[in-house]
Every structure is written in C-alpha cells, then in structure tokens.
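Below: the structure, in structure tokens.
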Amino acid sequence: MLGKAKIAVVGAGMVGSACALKLAQKELGEIVLVDVVEFVAEGKALDMAESSPLDGFDSPLVGKTNDFSAIKNSDVVVITAGVARKPGMTRMDLLMTNAGIVESISRHIVEQAPDSIVIVVTNPLDVMTQVCWTITGFPRHRVMGQAGVLDSIRMRYFVALELGVSVKDVQAMVLGSHGDQMVPLPRYTTVGGVPITELLSPEAIDRINQRTRVAGTEIVQLLKTGSAYYAPGAATAEMVEAIVRDKKRLLPASVFLQGEYGLDGVFIGVPVILGQSGVEKVIELKLTEAELSALQTSAEEVRKGFDDWQRARSEQGG
C-alpha cells in the first residue's frame, strides 16, 4: 500500500467530501467518491481536483453516481453515507434507516473490495460499525469505526483553549461510544507530557470533559441545518493515513472487543495500533474502577442498539 492506495469514500456529503479532500491533500493514492445522488460525487470530485494546482497535490479524484464497481479493489473503504436525525424521527428510526444504508454498502464492499479495510463514520457510529462487520464477515482487524480520534482532537482543542497553549503540545485520550456516554480520560491527557490533572482544577477538567461529550451537539445547535464535517473529515483521514502509510499510530477507534477491558462481543472505542493491516493491536490501559465502569456502561448502550437492530431485522425477515 504505502502511498499508492486506492481509497473509496462512500457518501459525498459534507463529511465524505471533507475527508476526500484531506486524503487527496495528503497524496495517499487514488480517491474515489461514490454517492446515490446523481452527479454530486462527480461534481465535488471535479471541484476538488481543480483546486490541486494551488494545493499542490497530484492525487487522482474520481466521482461516481451509485456505481459501486468504482470501488473495485479498493485498499480502504470509508463509509460516511447516512441520514441525519430529523424532527419527529426516533432513535430507532435513525438506527434502522442508517443500518439499512450501511448494510447495503457492506454487501457491495464484499463484492467489489473483499480485501479492503473498512472505516465506518455513519451514526450511530459504534452500532453501525458492528452492523458493517456482521454483514461483511471480515476479520475484526479490518473493520473499525472513527470516533475516538474526533472526540480526542476536540478535547485537545478545548484543553489548549483553557490553558492558552499550542494544540501541538496537547495529547488526549477519549474512550467509549461516540455520544453522551463517551469516556474522556484526563489522566491520559497531557500538555508537553504533563498530565492536565497537574495543570487544571477539577472544575476546569469537568467543564472540558462535558464540552467534549456534547461537542457535536454544540455544532449542530450553532449550524441549525447541519452538523460538523471539517473535524470528522480530518479525523477520518488521519486514520486512513496511519493505515496506508503503515504508521503504527496509537489512536482510539471503535473496534470489536474479545475480552479486553472485560468486554466481549461489542464494538467500542479503545486505543489501538493502526498500521497496514488495520487494527494491529488493542492497547489495554490501566483504568480506575470509575473509568472502567463508565466504559462498560458505554458499551452496554452500544450492545442495546445492536440488539435492537438484530431484533427488528429478524422481525422484518432480514
């Protein structure tokens, strides 16, 4: 792979487009955008390609309308397709609608890119990742969800803002599901190697933790008619780069656990090593009882969502 990858982004909405542009700017290989809305992928890919003389990248960019043969032999497939929750739509409505979309895309991936590594971005993130893994039947190291990187970079920004320091010196770690049940870890969040527990008051840390948990909602409330896409797109591209260039990055991702952290049979955000083969290792941090309990509570929410999908799908004869 190493810089000559074929990367497919399924879903040419705002997150998919932001991700595709980042991937092109990083010159990770050929970028293919696929969307069901006629000519949206083609138009956005062309627009991005026309920015290349100024941005200085030579990555090929191609857009296709509802043509999954375009993802054939992709090394990495990113799934961003899905709908946002609308007024009157229940949590279950959203889950079933997006699960249907992810299920369909997953079948196309099996057919066209059976050796690919898949990164799921569609919400509800952890449940959708488990749906994708279930449908594809891929080994666990080749299916993961992007959430922890996004949540962690948001926390990094909030810490830098609070302390008035450069974001470059801040590292953060956020585990758990992508939502209100995420688990920020201040003990593993540092500025220049110094834990923020030694730099900030408990009250300031609590504020940062809470703002991190609701960061996506904060942006939705500000935009009124949309949700975040710059940071999610950049976070996803970071994961793709770690895989394509075999970086061996230690990053949080939603992965299938088999006994780690006392959890089994569920996708949840934990730190992993990302490299050319995908998830190369799950890192087990030493958590306090409170942190471990919060992570397990977060996992139970994911498990309930996945069980709801399985039950509804069975009732529909799926």
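Within the option set Arg207, Arg303, being at pLDDT 95 or above, among the basic types (Lys, Arg) and either on the phi > 0 side of the Ramachandran plot or open to solvent by 70 Å² or more (accessible area, probe 1.4 Å) (or both) holds for one residue only, Arg207.
Out of the residues in the range 210-236 that are open to solvent by less than 80 Å² (accessible area, probe 1.4 Å) and among the charged types (D, E, K, R), which is farthest from Leu21 (Cα to Cα)?
We begin by selecting, within the range 210-236, every residue open to solvent by less than 80 Å² (accessible area, probe 1.4 Å); these are 212-220, 226-229, 231-236.
Pick out the ones that are also among the charged types (D, E, K, R) and you get 213, 218.
Working: Arg213: 27, Glu218: 24 Å.
Filtering first and then ranking leaves Arg213.
Looking at Glu42, Glu30, Glu50 in this structure, which one is open to solvent by 40 Å² or more (accessible area, probe 1.4 Å) and either aromatic (Phe, Trp, Tyr) or under 23 Å from the mean Cα position of the chain (by Cα) (or both)? Give the steps one after another, and end with the answer.
On the way: Glu42 fails: either aromatic (Phe, Trp, Tyr) or under 23 Å from the mean Cα position of the chain (by Cα) (or both); Glu50 fails: either aromatic (Phe, Trp, Tyr) or under 23 Å from the mean Cα position of the chain (by Cα) (or both).
Just a single option satisfies the conditions, and that option is Glu30.
Assigned to a helix (DSSP H, G or I), touching a residue at least 40 places away in the same chain (Cβ under 8 Å) and within 21 Å of the chain's Cα centre (by Cα) - does that describe any residue in the range 169-177? Even if it seems obvious, please write down each step before you answer.
Filtering the range 169-177 for residues assigned to a helix (DSSP H, G or I) gives 169.
Now restrict to residues that are touching a residue at least 40 places away in the same chain (Cβ under 8 Å): none.
Among the residues of the range 169-177, not one is assigned to a helix (DSSP H, G or I), touching a residue at least 40 places away in the same chain (Cβ under 8 Å) and within 21 Å of the chain's Cα centre (by Cα), which makes the answer no.
Can you run down the residue pairs with Cβ atoms below 7 Å, 6 or more apart or on separate chains, where the first is in the range 81-105 and within 20 Å of Val37 (Cα to Cα) and of a type in the set (S, T, N, Q) and the partner is modelled with pLDDT of 80 or more and open to solvent by 30 Å² or more (accessible area, probe 1.4 Å)? Every condition considered, the pairs that remain are Thr97/Val83; Asn98/Gly82; Asn98/Val83; Asn98/Asn123. The criterion of at least 1 residues that are farther than 14 Å from His141 by Cα and open to solvent by 10 Å² or more (accessible area, probe 1.4 Å) is met, among strands (runs of 3 or more DSSP E) falling completely within the range 237-284, by 249-258, 264-275. Restricting to the range 122-162, give me the number of residues that are under 21 Å from Ala204 (Cα atoms), open to solvent by 50 Å² or more (accessible area, probe 1.4 Å) and in contact with an Asp or Glu (Cβ under 9 Å, 6 or more places away or on another chain). Total meeting the criteria: 1.
Of all residues in the range 30-41, those that are closer than 16 Å to Asn73 by Cβ and modelled with pLDDT of 95 or more have Cβ atoms under 9 Å from Cβ atoms of residues that are acidic (Asp, Glu) and open to solvent by 30 Å² or more (accessible area, probe 1.4 Å), 6 or more apart or on another chain, in Val34/Asp67.
Here Ala312 clears all of (1) of a type in the set (Gly, Ala, Ser); (2) under 18 Å from the mean Cα position of the chain (by Cα); (3) open to solvent by less than 30 Å² (accessible area, probe 1.4 Å) except the condition numbered (2).
The values are calculated or read from the model by the stated rules, or taken from the named source; none is laboratory data. A quick note: this is a predicted structure, and the numbers were derived from the prediction, not measured. Every residue, glycine as well, gets a Cβ built from its backbone with ideal geometry; the counts of neighbours run over all protein chains shown. Surface areas here come from the heavy atoms of the whole protein model, side chains and all, with no ligands, DNA or RNA. Shrake-Rupley method; radii C 1.70, N 1.55, O 1.52, S 1.80 Å.
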